[in-house]
Every structure is written in C-alpha cells, then in structure tokens.
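Before any comments, here is the structure.
The values are calculated or read from the model by the stated rules, or taken from the named source; none is laboratory data. Given the structure is predicted, the values throughout are model-derived calculations rather than measurements. Glycine also receives a Cβ, built like all others from the backbone with ideal geometry; neighbour counts cover every protein chain displayed.
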Amino acid sequence: MLLGVAGSVLCASTLWTVPATPQEPAPSDSGQGVSGVLRLDEEPVDGARIEVETPEGNPVDTTTSAGDGAWSVPLVTPGAYVVRLDEATLPDGVVLADSTKGSLTVEVRPGQDRVIIFQLADESGPTTSEEGFDWRRLVSLSVDGVRLGIVLGVMAMGLSLIFGVTRLINFAHGELVTFGAIAAWVFNAGAFRFPLFLAGIVGLLLSAALGWGLERGLFRPLRRRRTSTVALIVVTIGLSEFLRSFYQLTFGPLPEPYRDYALQREIDLGPLTVTPKSLGIICIGAVAIVLVAFLLQRTRLGTAMRAVADNKDLAASSGIDVQRVILHVWILGAVLAGLGGILLGVTQKVEFDMGFKALLLIFAAVVVGGLGTAYGPVLGALLLGVVIQVSTIWFDTEFKFVFALLALILMLVFRPQGILGRRERVG
Amino acid sequence: MSTDVLAAVAAEPGVPKPNPILVVDDVRRTFGGLVAVDVRHLEVERGTITSLIGPNGAGKTTLFNCLTGFDRPQAGYWAFDGHRLEGRFAYQIPRYGLVRTFQLTKALDRLTVMENMLLASRGNRGERLLGALLRPSWRHTEDAARQRAERLLETFELTRMGHDLAGTLSGGQRKLLEMARALMTEPAAILLDEPMAGVNPRLRQTLCEHIEGLRDGGLTVFLIEHDMDVVMGISDWVVCMAEGNVISEGPPAVVRADPAVVDAYLGSHDGLAPVDERESHEDETS
Amino acid sequence: MDVLNVFLDAIRVAIGPQAAVFALAGVGLNLQFGYAGLLNFGQVAFMLAGAYGASMTVDAGGPLWLGILVGMAAALVVAMLFGLPALRLRADYLAIVTISVGEIIRLLVRSSTLEPVTNGVFGYRDFAAWFYAINPIPAGRYGVGNLAFPARTLWLIVVAWTLVLLASLLVLGLMRSPWGRVVRGIREDEDAVRSLGKNVFMYKLQALALGGLMGALAGSLRAIDSQAVRPDFFLTITTFMIYAAVILGGAGTIIGPTIGAMALWFVISFSEGLLRLGIESGVIEFLDPEDVAAIRFMIVGLALILLVVFRPQGLAGKPEAGLLDEH
C-alpha cells in the first residue's frame, strides 16, 4: 500500500520516454471481464503475469499473457477491480513506461469486456544504458524526494502539533488528509467546477471545519469524561475506519484526478528537469510550513500553543485558555492534513484511502523527527522523502518502504525522542 | 534518638556523616542547557529522617528520579549501603533495599488494596511466567507475602479496605497504601516524594507519626516536603537545594535560619509556605 | 421468511470458524491490551506468521502440525520485532511500531522480490489435507435448515472453539497468579510497578509474545479454514475488527473476547444480510451490492467509537471496572 504513495511520486519525472503502443482488445465472450494485449513496439510480450483483485485487496484471479501478448480474466460480478501487471515477470529489458501505472483500478460494468492498457517501454533507453551512476537521475530523484518530503512534512507537522498539545496520537490523521483532497475534488471536478486553486481553498476551509467539529463534538466531551489516552487512541482508530469506509461509499473506490494540472510538460532547469506542478507543490508546501513556523514563533496563539505543549498545567495556571488552544491546534492540524492531501492528490490522484496509505510514512517521519515537536517531523519527512526516492537507484522500488521502516526502528532504538525531540525518560 | 549521632556534624553543604547509608557524588542532570541537578557531595545518615527542601524547580524530584533509576544523570555516581547504583535500571534499585514513592500517588486503581501489597513482595515465585500456573510452586512465598501484607495493613490502619479496589480509597489512604506497599519490598531506606501533598491537615499528623515510626523501626527516611511545619517537626536533618545545588544542610532550626536558604526562597517568589509544586519536567515523565 | 434465513445465517456465522478465529486472536489481544495495557495494533501480523508458518512448512514437505509450531515460533520473532524497539517507550510508540511493522511484513511477503520464498501474492493453497483427513466426524450435514454445517466445517469448529476454551483457561489461570497481578499492575501504572522492583519490560514482552502465540494459532486456523493463504488476507483492518470484538465483549475479562467475536460477527452478517435483502428486493435503491463491504467497516468503526464512549466495559464487563475509563 505504501508503494502507492511513494511510487506515484515518481510519475511526473518518468525518464523512460519511449512511446507505448496502443493495444487492441482481446476477443471476449459473454459476461464481463478485463483483458488486453501486452506489446512493446509491435512485439508481443508473453509470460507476463496479471493479477486481478478487489479494491479491498482480496485476490480474484491471475493470468499470464499468451504468445501473442493477449490476456483476459473473466469476472463473475461487475464492479471495481484492481488489475496489476507484475513488473518482475516482464522479459528482461521490458519495463512499465510508468512504474506507477502497473496497478490500475477499473470499474467493470455488467457484460463489459474492459480493455486494460499497460504501457510498456524499453528499459535499454538512454537513462539506464550506462551501468551505474547517473547524476541526472540522482538530481531528478532528489527533487522527487524533496517533493514527497514536503508533502509528508505538511501532514506530519499537523499530526505532531495535535500530539504536542493533546498527547494523543491521532490514527485518523490519514482520513483528515483524504478529507482535504476529496473536498477539493468535489469543488474542482465533482459537483462544482472551480479552478483547483479556489477549490483547494474551499477544501482547506472544510478541513478546518472538520477539525473544529472533531474537537468540539468528540474529543472535548471525551476529555471531559476523563477518558484515558488508550481509549482515545481506540476512538481515533474507529474514526479512521468509519471515515475511510464512508469515503469509499460516497466518493467511490476508484482514484479520480483533479481537472487541472493532470498532464504537464517538464521544464529544463540546468541539470534538472521538473514539471511546474512539482515546483508548485514544493513551493506551496514550503510556504505553508514557514507560515506555521511564523504562527508558532511570532503570534500570541503560537506562544500559547508552545506553552501548552511544554506543560499544560503551568500554561493553565499562567492564564492560558488550554481548551481554546487545543481547539485551534485541531483546526490547524486538520488544515495541514487537508493541504497535504490536496498536494498529494495533485501528484497522484484522489483516492478514498490515500491518507491511510500515507499514514505509515507520516508516522515514520514524525518519529524520526521527534514526536510532539513542530519542526522535527518536517525534517524527518524531508530526510525520509529523499532517502526513499534516491534508494531506488540501487534498490528495487518495492523496497522503498523498508527504508522508512528501518529509519523508524533505528530511531526508536537509538534516539527515541527523534532528531529534534527532548529525551523524556529512561525505562 | 538519631539526632544525637548528628549532633557533632557541622552544618555545611556536603559534610561527611558518621554512618551514611547513601553517598552521592557529582551527580549532574541537565535538560537542554538547563541545569536541573548539580550535587557535588551529599550523605544521608543511616536511621534518620532527612528532609530535602527547596523552592520550585530546585531539582529535588529530579535528584530522586536519578537516584532511583527513573532518570539518568549525565554524570555522577552514588552508593547505597555500599553498592554503587549508577547505571542501574529503576526496577533493580529496590533489590538493594532502596525504594521510593511518587509525588502524585501511583496506587494501582483496579487492583485491590491487598493485590497492591502482594504485588510489591519480593521473591514471589509465582511472578515468573513459567510456574505461574503451578500454584503449589508459589503458594509458600505467596502466603508469606500475605502475612507480611496483613501486618503492614494493620499498622497503617488499612485492614478494613483489603478487598476494596485501590481506586476507591481517599487521597490520604492512597498515600498510606503507597507507603505500606513500598515497605513490602523490605527496604533499608525509603525515599518519599512529598508524602503530605494533597493530604488533609488532620491526616498529616497521622502520616508524620507513621514516618517517625518507620525511623524508630530502623529505616532510613529521605523525603521531599514543602510543608515547613512537617519538615521542622519530624526531621533529624534538613538538606536545602536551589537551582540544582545543595546550598545548605544541618539540623532543622539551623537550616531554617540560614540566610542562603531564606534568599533562595525569596529569590524564587515562593515563600516558605506549602506550595503544590510540580517541576516542569515531572509531567512529561508520566 | 427471508429475514429468518438471514437471521439463521447470522447465527451460523457467529458460531462458525470465522468467529472462532477472531475469538482466539481476541483472547491473545485481550491478554496484551485488556490485561497488560499494550496497544498492539499488529495482531494480524501474528496471524500472518501462523498462517504462513503452517502453509510454507507443508509446501516444503513437512507435516501440518509441525507447520503450526513453526508459525508459533515465527510469532515469537514478530513479538521481538514489535517489542524490542518499542516496549521501553511510551505506550503509543508500541501502537506506531506494531501497525507499521505489521503492514511492512505483509508487504514484504507479497513483494515479487521475495516471491521465490513466499509465493508472493499467490500464497499457498490446499495444504491442510492432513487436518481434514483426521476428522473423526462422519461425513454428512449436521444441524437444521440454514443452521447446518458439513462434517468438515463442524470438525474445524470443534477444534477451534476448543482452542478458544483452552486459551481462555490459560489466561484465567495466569491472571489469578502473581504473574498476572504484575501484568495488571503494569496496565494501571508501569512506573509504580517498576519502583517496586519488577522488570516491567520483561513482563510486557512476555504478555506480547503469549498473546502473539494465540494470534499465530488463530492465523493457522484461518488458513486451514479457507485452505488458502494470501498476504492480502492480513490487512490492518483485521486487527481493528479484533479490537472491536474484544472491546464489545469486554476488555480485561476472560469471556469478553469470545462473546465479542460472536456478537460482532452476528451483527456484521445480520446487517449485511438485511442490506443485501433490501437491495435485491429493491427496497434499498441507493446502494450497490459492492457497497456492503464498505458498510461493514463503517459499522466496525462506529462500534469502536460508540463502545468506548457509551459502554467501555463491553458486554461482559462490570460497569465499575470499566477498563477504558480513566481512574
């Protein structure tokens, strides 16, 4: 699942530029199914494995492409399915044109033979022909890493701020991320047709409202009842399940793009090529982080937030309205999550579980940077983002997430307070 | 009684004592740039009640935390009853006969009072996973622990509550339970962190008598306390800390009159009155 | 009459192998969460270890019973992976580590790089012939109407619920021992227990591992039940459903996980049955059959929230001993 998030970031800077060949549909009999023909430059690709599963991840069937490259999988019931081409089973030298498009979610209508196109490319292109190191690729992946890091950092900052003042790890933070993305989608490509910029602002406002509602409607009453932290964590788990399934029900199981910025030409900036939307994402994320830093350091509200995070009782006794600060932090956290979701939605697509998939990376970033600190998670996220992306030079993309996990575990073993955290206790 | 032993000891910080049970050297704990504890040398005389006083943020609780393994100082060493304890984990400390209580009482609420007591017993064979199901293998140690627990509950007038959940006790009773429970570990010395905090004045007298009773029974008591009446009333020796350092020690009356002590309290706008103290980092360790 | 069938179906599910698997994994989770206060969000990883231990051993030519033991050994390794980095830290770090490591294990198992070892997304099938071969129950159908099981399912049900009973008795015995007293003390306040000379870390690790062993056994049963193992059977959502079962039944009680697992599966299949009925008969028009799965998880999520808020002690717990209440 993690792969989806990390992997999709690659898509804007795909270096394999060989155009793929359109594929004809395979003959179909009655009933519905999915099918296609795997070809590279008119040459059929056989022996490649294709897996079909439900959006929940339950396998339905698998097949292998035949000598003419054709494959098909009949389906008992119509509905949404995930069709995946197992890249490892492609012949040597053949790869997916876009490594993130190896897994496609499709809606199959009753009686329809849905044609699936996997765009293939010749690996022995200009980029990987020379063995070993490629500076252009390193730079390009680093930019991807920074972008992933900024997006994760915005989300992780929200999680960490909420933790800082409430001492609660919000396992539903991923659903706050998804909420922002879906809200903006509704106003951009759904019920309304605003430009994404405007729709994004509406999405952030709605995110703020959600943060407000969660604190006032759920968490404040629970704190009043002196519910234990353990119980509150279970509540956030329940909330996460509930919201995610609700999104699946209302938004649907398929990923949807925003109307704007779907396709862009890369621009050359000396050693690196980058799409304007990548640059935009990095800039917007960075500005948001700087704004929050300014809020924390230079405003009364920010000072109050830091005071409450430092010592709630001391803050309360020196006249700070702790409940109000917690409410504001929930709003701020939800807005940051929502913004992260929108930026992620621009990079990939909007999906009902995009936030949940990102949650483990957010956790890793927060732990590496320092749980409860404001800037640690940003640092952790940038570090993780770059490491995750650059690691793909030497390691299979499948193992990207292993580095995030390794960082998390090593950090807990050797410096559990994180890079910027203060040591709390020794057990 | 023990005051006689200390009569000949000079009232100055770091002074050696005739028969110290706890000797602390160069213990230093900093948080970021802030020095919380910086104790050059401190000895606690065996079989006495020694009080540790000082304004808010003086580092008293942090010192206790360091000594009992709940916090780790950057430097320093200390010995209890001849055993060096630095680097030991918190759970290892009681084995050497040193036990502590906490400022905010830590009664185990959903265990009964008796279970609270039994849990603290030493060498209970049934506490090992292998063998926990073989009742005969641990019945003896359990019975011995139960007898000891019953005696202690009687001393602390908690016998009636034996089968109640600890969470139903009053604040004062919880303090008593915590003290009785600590004694189940058969300690040679007990560190009490603000035993009077949150206890009503009527019960304070009873608590003081219990503490004096512990000393008269041969135990060493080292306690942090803010209530000066209590400190003056029961202490054989008083140590005052400010900004992490020991600035004064001596018999109660001497320390009370020490200008350095008065300055420390005045400088901290804290006065010598009981204050509901919470050191800034205390909260984070919970 | 259709509603009656749906009801009988739901009863069948509530006493079927699925519920037993949840109950067994729940007894383990209850030991960790209900008694020791450990936030293990990776119970499903123990189940994965049990399922793969069994199926891979059989695949390699070993007997199934050995495979189940291998699965339990693998669960001990998982317990170390969870516990060593996180058990010395605040409770929530364990939650983060277990949910992350659990998911990572699944992703590694399904990765194509490890496919030569794990069979990747395909997993294994038909490895439990031995289990069904030793079935002493004569072939046939047992029960009435919709509420009937074939002999092989009945055999699995008997074995599974027997294991649930044994595991529950084990936990009962442990909780009445001094070991259990220390563990429950840790749930209340681990610093207090530490200050009394107990090696809290060791007790937590033991509780985590023991609960994990039960999870592994549940995973083996899960695999035997479906005669198939795939990595995607072991999604994080399963852990949360087990949480829902434990809290519904009553965390920190002996019978809680069993009651909870039965009740949860009854509620899930009854409500799903009614929804399907409504959709088929055209009463409910705004939902598709595919939406029913999403609704299941909405129910689980909502149940978790509402239980913690309104009945934290669950069905079996005494109100005054509500586990999740702050003292």
Collect the residues in segment B:95-147 that are more than 9 Å from chain C (Cβ to nearest Cβ) and among the charged types (D, E, K, R), keeping them in residue-number order. B:Arg139, B:Asp143, B:Arg146
The residue that is surrounded by the fewest Cβ atoms within 10 Å (Cβ to Cβ), considering only those in segment C:30-59 that are hydroxyl-bearing (Ser, Thr, Tyr) and more than 14 Å from chain A (Cβ to nearest Cβ), is C:Thr57
Tell me, yes or no, whether segment C:165-176 has at least one residue that is out of contact with any helix residue (DSSP H, G or I) (no Cβ under 6 Å at 6 or more places or on another chain), hydrophobic (A, V, I, L, M, F, W, C), more than 14 Å from chain B (Cβ to nearest Cβ) and within 28 Å of A:Asp353 (Cα to Cα). no
I'm trying to understand the selection: among the residues of segment C:107-122, which are at the interface with chain A (Cβ under 9 Å from one of its Cβ atoms), assigned to a helix (DSSP H, G or I) and surrounded by 18 or more Cβ atoms within 10 Å (Cβ to Cβ)? C:Leu107, C:Leu108, C:Gly120, C:Val121
Which residue is farthest from the other protein chains (Cβ to nearest Cβ), if the candidates are limited to segment C:82-105 and must be surrounded by fewer than 22 Cβ atoms within 10 Å (Cβ to Cβ) and touching a Ser or Thr at 6+ places or on another chain (Cβ under 9 Å)? C:Ala91
Condition first: more than 29 Å from B:Leu22 (Cβ to Cβ), among the hydrophobic types (A, V, I, L, M, F, W, C) and more than 12 Å from chain C (Cβ to nearest Cβ). Now tell me which residues in segment B:161-196 satisfy that. B:Met161
One residue is enough: does segment C:154-163 have a residue meeting the conditions within 14 Å of chain B (Cβ to nearest Cβ), surrounded by 15 or more Cβ atoms within 10 Å (Cβ to Cβ), under 30 Å from B:Ser137 (Cβ atoms) and modelled with pLDDT of 90 or more? no
Checking B:Phe80 against (1) more than 15 Å from B:Arg181 (Cβ to Cβ); (2) without any contact (Cβ under 8 Å) to a residue 60 or more places away in the chain; (3) among the hydrophobic types (A, V, I, L, M, F, W, C), only one condition comes out false. Which one? (2)
For segment A:175-183, state whether one or more residues are over 27 Å from C:Ile96 (Cβ atoms), of a type in the set (A, V, I, L, M, F, W, C) and touching a strand residue (DSSP E or B) at 6+ places or on another chain (Cβ under 8 Å). no
Give the residue that is nearest to the other protein chains (Cβ to nearest Cβ), with candidates limited to residues of segment A:184-219 that are buried (at least 16 other Cβ atoms within 10 Å of the Cβ) and more than 22 Å from the chain's Cα centre (by Cα). A:Leu218
Over segment B:71-99, the set of residues surrounded by fewer than 24 Cβ atoms within 10 Å (Cβ to Cβ) and in a strand (DSSP E or B) is B:Ala75, B:Gly76, B:Tyr77, B:Trp78, B:Ala79, B:Phe80, B:His83, B:Arg84
For C:Phe310, indicate whether it is at pLDDT 85 or above, within 11 Å of chain A (Cβ to nearest Cβ) and in contact with a Lys or Arg (Cβ under 8 Å, 6 or more places away or on another chain). no
Give just the number: which of (1) within 13 Å of chain C (Cβ to nearest Cβ); (2) in contact with a strand residue (DSSP E or B) (Cβ under 8 Å, 6 or more places away or on another chain); (3) small (Gly, Ala, Ser) does B:Ala79 not satisfy? (1)
Working carefully through the options B:Thr155, B:Thr168, B:Thr185, find the one that is in contact with a strand residue (DSSP E or B) (Cβ under 6 Å, 6 or more places away or on another chain) and among the polar types (S, T, N, Q). B:Thr185
Restricting attention to segment B:59-70, does a residue exist that is in a loop (DSSP other than H, G, I, E, B), of a type in the set (Phe, Trp, Tyr), surrounded by fewer than 24 Cβ atoms within 10 Å (Cβ to Cβ) and modelled with pLDDT of 90 or more? yes
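Just to confirm my filter: which helices (runs of 4 or more DSSP H) fall fully inside segment B:164-236 and include at least 1 residues that are among the basic types (Lys, Arg) and within 14 Å of the chain's Cα centre (by Cα)?
Of the helices (runs of 4 or more DSSP H) lying wholly inside segment B:164-236, those with at least 1 residues that are among the basic types (Lys, Arg) and within 14 Å of the chain's Cα centre (by Cα) span B:171-183, B:201-216.
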